[in-house]
Amino acid sequence: MKYGYISYGNTTPEWMGLTWEQRREKLAKIKKEAEKHGFKLIMWGGPFGVSEGTVCVYESEKCLEDYFAMTQAVQHPMTNPRTNIVLQPLEF
């Protein structure tokens, strides 16, 4: 079964200094690294209506423990990922 993982965090100063092209290149590397851990980065961006400045959305069949291990191993464009949401899709 696949799960969705949504993580909100504060944007790093390094990330803020990058151009959009540099951000795309860095996200491509992050995506490859996350896939090595069994997580597919399906979207990212700057959320509205929350105090955090960056959001990353992943898909995986792996459990929450594996998700936290992946976030420690992969260099993300955020610090203090204080809001993590795990979603399990409905099956009909």
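The values are calculated or read from the model by the stated rules, or taken from the named source; none is laboratory data. Treat the numbers as computed from the prediction; the structure is a model and nothing was measured. Every residue, glycine among them, receives a Cβ derived from its backbone with ideal geometry; neighbour counts consider all protein chains shown.
Yes/no matrix, rows are residues, columns are (1) over 15 Å from Gly9 (Cα atoms); (2) loosely packed, with under 15 Cβ neighbours inside 10 Å; (3) modelled with pLDDT of 90 or more; (4) in contact with a Lys or Arg (Cβ under 9 Å, 6 or more places away or on another chain):
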residue	(1), (2), (3), (4)
Glu25	yes, yes, yes, no
Ala28	yes, yes, yes, no
Gly45	no, yes, no, no
Glu52	no, no, no, yes
Ser60	yes, no, yes, yes
Glu65	yes, yes, yes, no
His76	no, no, no, no
Thr83	no, yes, no, no
Gln88	yes, yes, no, yes
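Of all the residues in segment 1-23, those that are at pLDDT 90 or above and of a type in the set (Asp, Glu) number 1.
One residue alone among Glu59, Glu35 is outside any loop (DSSP other than H, G, I, E, B), in contact (Cβ under 8 Å) with a residue 24 or more places away in the chain and closer than 15 Å to Lys2 by Cα, and that residue is Glu59.
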